[in-house]
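Take a look at the structure set out below.
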Amino acid sequence: MLVLTRKRMETIRIGEDIMIHVIETGRGRVKLGIEAPAHLRVLRGEFELGENAFEELADASFCTSDGRPWESVHEFGNN
């Protein structure tokens, strides 16, 4: 395991295709932004999904309260 210390707005690159951005830190928590190719699954570690569960999640309506897709609202650097 590689352990790194990063500050707000610093990044970590994994290979050529994955970039992790430190968005915010404070009070025992950190907010990360992860850029990865669309074909890679990026999930929180506590999620253990079965073989078909990811496809079911992808088909679910992941939208904000105003109907916009989550991805369009939470892209790194866009407000």
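We did not get these values from a lab; they are worked out from the coordinates using the rules stated. Treat the numbers as computed from the prediction; the structure is a model and nothing was measured. Counting neighbours? That spans all protein chains shown, and the Cβs are built from the backbone with ideal geometry, glycine included.
Extending 7 Å from the Cα toward the beta-carbon at both Met9 and Ala36 defines two label points whose distance is 2.7 nm. Sorted on the mean count of surrounding Cβ atoms within 10 Å across their residues, most packed first, peptides 28-36, 16-24 read 16-24, 28-36.
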